């Protein structure tokens with residue numbers, strides 16, 4: 001744990017805020033302390049270390065998106081600098097077993 005931030009998995013390149021973190025808060029990271037340049041809302045993420053554009057964002061040890069730009073250590077990681085890498089791997093089904101969205 002790093003102040004109000006939590007490391008969910010050793011492989012993660014983000015930390016998750018377990019409380020609102022104010023702008024200017026000093027956060028100790030592996031590369032040294034950084035000051036937040038903006039407030040970070042609870043449950044949002046910051047970069048654990050530098051993340052290069054195109055690199056996978058890992059949370060719970062799993063990819064949750066791709067960085068759309070270079071992200072500095074301690075920077076807010078959210079929809080403004082990542083894109084989804086989600087690919088559907090299953091079809092949703094209604095309770096009757098028929099795929100959702102299929103006209104009947």
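Couple of notes before you dig in:
- Flag not set for residue 29, criterion: over 22 Å from residue 70 (Cβ atoms), touching a residue at least 40 places away in the same chain (Cβ under 8 Å) and either in contact with a helix residue (DSSP H, G or I) (Cβ under 9 Å, 6 or more places away or on another chain) or surrounded by 14 or more Cβ atoms within 10 Å (Cβ to Cβ) (or both).
- Among residues of segment 36-65 that are free of Cβ contacts under 8 Å to residues at least 12 places away in the same chain, none has a beta-carbon under 8 Å from a residue that is buried (at least 17 other Cβ atoms within 10 Å of the Cβ) at least six positions away or on a different chain.
- Within segment 7-26, restricting attention to residues that are more than 16 Å from residue 57 (Cβ to Cβ) and surrounded by fewer than 18 Cβ atoms within 10 Å (Cβ to Cβ), the residue that is nearest to the chain's Cα centre (by Cα) is 18.
Every number here is computed from the coordinates shown, using simple stated rules; none is lab data. All values derive from a computational prediction rather than experimental measurement. Every residue, glycine as well, gets a Cβ built from its backbone with ideal geometry; the counts of neighbours run over all protein chains shown.
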